[in-house]
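Student: This is the structure I want to talk about, given as structure tokens.
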Amino acid sequence: SQQGEEDPQALSIQEGENATMNCSYKTSINNLQWYRQNSGRGLVHLILIRSNEREKHSGRLRVTLDTSKKSSSLLITASRAADTASYFCATSSYGQNFVFGPGTRLSVLP
Amino acid sequence: EPEVTQTPSHQVTQMGQEVILRCVPISNHLYFYWYRQILGQKVEFLVSFYNNEISEKSEIFDDQFSVERPDGSNFTLKIRSTKLEDSAMYFCASSSQGEAEKLFFGSGTQLSVL
């Protein structure tokens, strides 16, 4: 299975701190994405990184990809209470559909 | 901003009953998906649909499940005879031809099978 596994399962930080979440997967991928889910809502696409990329930025988000270790990390800088949500990585390979990991529940305390 | 809409937001049904979950994908999107999420657990792939046919399905998507695009706008998931373990949040998603990897999700239908 190419399923991504996020780590940690849950993370609690103070507002203003940085939050780092990791994702590991098992097989070769074409790209890896991070999604965010607020409680009881649909997933929202955050950022996509392709297998030939090592780092990508979007606002306060920074994603890295290490294909040799089959892992990715999502860094949220200067976190806000509104960043409280679950964060999922999703991997895909050519001809296969996206597989989501179990997610990391992030709580940002004011 | 265009969005994927799902109806109903909540559906309660008796075990053995048929349910139809409805989705209106973003209008110019060509790829359609159903995922489900049991409370607090991972998001599981059910089925993908392109060019009026199923392109891939998971082990969860057995003979009790079917999908249809009855017209140019709706995309439905039917569960023929619901089981207790079908209780979950069902998400519809779509993506465009030009950016097929980026999925746009609806807010989901919470299905409760009693």
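The values are calculated or read from the model by the stated rules, or taken from the named source; none is laboratory data. In this text, all values refer to a predicted model and were calculated from it rather than measured experimentally. Ideal geometry is used to build each Cβ from the backbone, glycine not excepted, and the neighbour counts take in all protein chains shown. The protein model used for the area step is the full one, side chains on, heavy atoms only, and it has no ligands, DNA or RNA in it. Shrake-Rupley method; radii C 1.70, N 1.55, O 1.52, S 1.80 Å.
Student: Is at least one residue of region A:10-27 within 23 Å of residue B:106 (Cα to Cα), over 12 Å from the mean Cα position of the chain (by Cα) and either within 11 Å of chain B (Cβ to nearest Cβ) or not in a strand (DSSP E or B) (or both)?
Tutor: Within region A:10-27, not a single residue is within 23 Å of residue B:106 (Cα to Cα), over 12 Å from the mean Cα position of the chain (by Cα) and either within 11 Å of chain B (Cβ to nearest Cβ) or not in a strand (DSSP E or B) (or both).
Student: Of B:18, B:101, B:44, which residue is touching a Lys or Arg at 6+ places or on another chain (Cβ under 7 Å) and under 21 Å from residue A:31 (Cβ atoms)?
Tutor: B:44
Student: Here is a follow-up. I'm checking my understanding of the structure. Among residues of region B:56-98 that are more than 9 Å from chain A (Cβ to nearest Cβ) and among the acidic types (Asp, Glu), which one is surrounded by the most Cβ atoms within 10 Å (Cβ to Cβ)?
Tutor: Out of the qualifying residues, it is B:86.
Student: If you go through region A:3-37 one residue at a time, how many are more than 14 Å from residue B:43 (Cβ to Cβ) and either among the aliphatic types (A, V, I, L, M) or open to solvent by 20 Å² or more (accessible area, probe 1.4 Å) (or both)? Give the derivation first.
Tutor: Going residue by residue through region A:3-37, those that are more than 14 Å from residue B:43 (Cβ to Cβ) are A:7-22, A:24-32.
Narrowing the set further to residues that are either among the aliphatic types (A, V, I, L, M) or open to solvent by 20 Å² or more (accessible area, probe 1.4 Å) (or both) leaves A:7-22, A:24, A:26-30, A:32.
Selection size over region A:3-37: 23.
Student: Hey, does region B:18-41 have a residue that's farther than 17 Å from residue B:108 by Cβ, modelled with pLDDT of 95 or more and out of contact with any helix residue (DSSP H, G or I) (no Cβ under 9 Å at 6 or more places or on another chain)? Talk me through it step by step, then tell me what you get.
Tutor: Taking region B:18-41 first, the residues farther than 17 Å from residue B:108 by Cβ are B:18, B:27-31.
This time we only want the ones that are modelled with pLDDT of 95 or more, so: B:18.
Checking the rest, the ones that are also out of contact with any helix residue (DSSP H, G or I) (no Cβ under 9 Å at 6 or more places or on another chain) come to B:18.
Within region B:18-41, one or more residues are farther than 17 Å from residue B:108 by Cβ, modelled with pLDDT of 95 or more and out of contact with any helix residue (DSSP H, G or I) (no Cβ under 9 Å at 6 or more places or on another chain).
Student: I would also like to ask the following. Within region A:38-68, take every residue that is of a type in the set (Lys, Arg) and modelled with pLDDT of 95 or more and give me the one that is most open to solvent (accessible area, probe 1.4 Å).
Tutor: Residue satisfying both the conditions and the ranking: A:54.
Student: If I filter region A:33-71 down to residues being touching a residue at least 60 places away in the same chain (Cβ under 8 Å) and within 10 Å of the chain's Cα centre (by Cα), which single residue comes out as nearest to residue A:92 (Cα to Cα)?
Tutor: Ranking the candidates gives A:33 first.
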